[in-house]
Amino acid sequence: MKTGARCKTVVAAVLLGLLLLSGCAPKGEQAIEIRLGEVARTVFYAPQYVALSQGMFAQEGLDVQLATIPGGDKAMTALLSNQADIALIGAETSIYVYQQGAEDPVINFAQLTQKDGTFLFARQTQGSFNWEKLRKQNFLGQRKGGMPQMSLEFTLRKHGIDPHQDLKLIQNIDFANVATAFGSGTGDYVQLFEPQASIFEKEGRGRVVASIGVESGELPYTVYMAKQSYLNTNAETAQKFTNAVYRAQQWIATHSPGQIAEVITPYFNDTELAVLTSSIKRYKEQGTYALNPIIEEKEWKNLQDVMASAGELKSPVALDKLVNSSFARQAIENTGSSAKVSTTEAADADADTGGSP
């Protein structure tokens, strides 16, 4: 796409957002502020940026203040210390808090992504890939107990590889600096989110050889959560927030990667539109984005299987202990839509709107 055309599209999107903002709340009413902490800035969270850029939160009378807090442990700390009202983190963090005996547990109320968003990235660009090639290689890993690392270990064990015996695992680098470290020459393999994986491929630093999301299956990988006390006293606000999330999920399901990229590009100023588009295409094709905010029982079980495999689950936690799907179900009911758009239906809609980048 020519630069001029892209700029016009971005400007149009911004103007649309301003128009939506101007008519979102009843005259004389002030928008409700929500301090939202995301664990990373990644195309993996595309539905969130759609909700922001298209004024979906604003239409609900919400003023969402977004902050990026790298690392699930840090984002959870912000939530527990009341520096954030809502956090977008892996659902495993709520289980950790529960296992520690929290009096005010953290509740998962709206799912955003339903698969791991990382890709196995190899520095070597030649030859075909098989999992046996990982043995004795330097692997730049993620934080112990974090979902990226646990999903990786779950996947490796599926392929007969012990992550702590068969790899030279490097885990002393902070989450926010993993990609930089790999780019500087550390490690033979690494897990990368998009768009970083596509950027590195374009720069000739290696190639994507496998999807951890496809390998580890559906689970509540990234979820909006809040303390129980916040949901008790701000139920209407949580409902409005979830309404916007669901509308964004439906929008994502029925628009092409190129259209989505155009809308979210203001959140990725340093990333080329073509890279954003190919990144979104990768996620859509493997069904990464949740089609609605409901956390299903089977997803919750798979999450705990992944945690147990990593030795991070003390004992199983029932879905109803830490998941409140009432907001998600009400959001679906409010739209008059069916509870779940199938992956096939989403793919068909994507094809109808020009799904290729």
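The values are calculated or read from the model by the stated rules, or taken from the named source; none is laboratory data. All of these numbers come straight from a predicted model, not from anything done at the bench. Ideal geometry is used to build each Cβ from the backbone, glycine not excepted, and the neighbour counts take in all protein chains shown. The accessibility values were calculated without ligands, DNA or RNA, using every heavy atom of the protein model including side chains. Shrake-Rupley method; radii C 1.70, N 1.55, O 1.52, S 1.80 Å.
Would you check if there is a residue in the range 126-136 being open to solvent by less than 10 Å² (accessible area, probe 1.4 Å), touching a residue at least 24 places away in the same chain (Cβ under 8 Å) and either out of contact with any His (no Cβ under 7 Å at 6 or more places or on another chain) or in a loop (DSSP other than H, G, I, E, B) (or both)? Scanning the range 126-136, I find at least one residue that is open to solvent by less than 10 Å² (accessible area, probe 1.4 Å), touching a residue at least 24 places away in the same chain (Cβ under 8 Å) and either out of contact with any His (no Cβ under 7 Å at 6 or more places or on another chain) or in a loop (DSSP other than H, G, I, E, B) (or both), so the answer is yes. PRO195 satisfies every condition listed in (1) modelled with pLDDT under 95; (2) out of contact with any strand residue (DSSP E or B) (no Cβ under 8 Å at 6 or more places or on another chain); (3) over 20 Å from THR42 (Cα atoms) except (3). Note on the range 232-282: residues that are under 28 Å from GLU203 (Cβ atoms), of a type in the set (A, V, I, L, M) and open to solvent by less than 50 Å² (accessible area, probe 1.4 Å) amount to 9.
Here is a yes/no grid of residues against (1) more than 19 Å from LEU79 (Cβ to Cβ); (2) part of a loop (DSSP other than H, G, I, E, B):
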residue	(1), (2)
GLU153	yes, no
VAL208	yes, no
LEU219	yes, yes
TYR224	no, no
PHE241	no, no
ARG247	yes, no
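Residues of the range 290-341 that are touching a strand residue (DSSP E or B) at 6+ places or on another chain (Cβ under 6 Å), open to solvent by 10 Å² or more (accessible area, probe 1.4 Å) and within 21 Å of GLU60 (Cβ to Cβ): ASN324, PHE327. VAL223 fulfils the conditions (1) open to solvent by less than 20 Å² (accessible area, probe 1.4 Å); (2) more than 30 Å from ALA328 (Cα to Cα); (3) modelled with pLDDT of 95 or more except for a single criterion, (2).
Among the residues of this structure, GLN30 counts as one that is open to solvent by 40 Å² or more (accessible area, probe 1.4 Å), outside any helix (DSSP H, G or I) and at pLDDT below 95. For the range 203-220, a tally of residues being in contact with a strand residue (DSSP E or B) (Cβ under 6 Å, 6 or more places away or on another chain) and open to solvent by less than 10 Å² (accessible area, probe 1.4 Å) returns 3. Look at GLY90 and say whether it is closer than 23 Å to ASN269 by Cα and out of contact with any His (no Cβ under 8 Å at 6 or more places or on another chain). So GLY90 does not fit the description; no.
Determine which member of the set ASP73, ASP85 is in contact (Cβ under 8 Å) with a residue 60 or more places away in the chain and in contact with a strand residue (DSSP E or B) (Cβ under 7 Å, 6 or more places away or on another chain).
ASP85
For ALA122, the conditions (1) surrounded by 14 or more Cβ atoms within 10 Å (Cβ to Cβ); (2) free of Cβ contacts under 8 Å to residues at least 24 places away in the same chain are fulfilled apart from (2).
Quick check: is even one residue across the range 299-310 in contact with a Pro (Cβ under 8 Å, 6 or more places away or on another chain), within 27 Å of THR237 (Cβ to Cβ) and not acidic (Asp, Glu)? Yes, some residue in the range 299-310 is in contact with a Pro (Cβ under 8 Å, 6 or more places away or on another chain), within 27 Å of THR237 (Cβ to Cβ) and not acidic (Asp, Glu). Here the range 162-202 is the region considered, the condition is being among the charged types (D, E, K, R) and in a loop (DSSP other than H, G, I, E, B), and the residue that is surrounded by the most Cβ atoms within 10 Å (Cβ to Cβ) is GLU194. Among residues of the range 269-294 that are at positive phi, those with a Cβ under 8 angstrom from a residue that is of a type outside the set (S, T, N, Q) and modelled with pLDDT of 95 or more, sequence gap 6+ or separate chain, pair up as GLY287/LYS115; GLY287/GLU218. One residue stands out among those in the range 57-102 that are more than 24 Å from ASP116 (Cα to Cα), of a type outside the set (Gly, Ala, Ser) and open to solvent by 50 Å² or more (accessible area, probe 1.4 Å): the one that is nearest to the chain's Cα centre (by Cα), which is GLN65. State which residue is least open to solvent (accessible area, probe 1.4 Å) when the search covers only the range 40-56 and only residues that are modelled with pLDDT of 95 or more and in a loop (DSSP other than H, G, I, E, B). Here the residue is GLY55.
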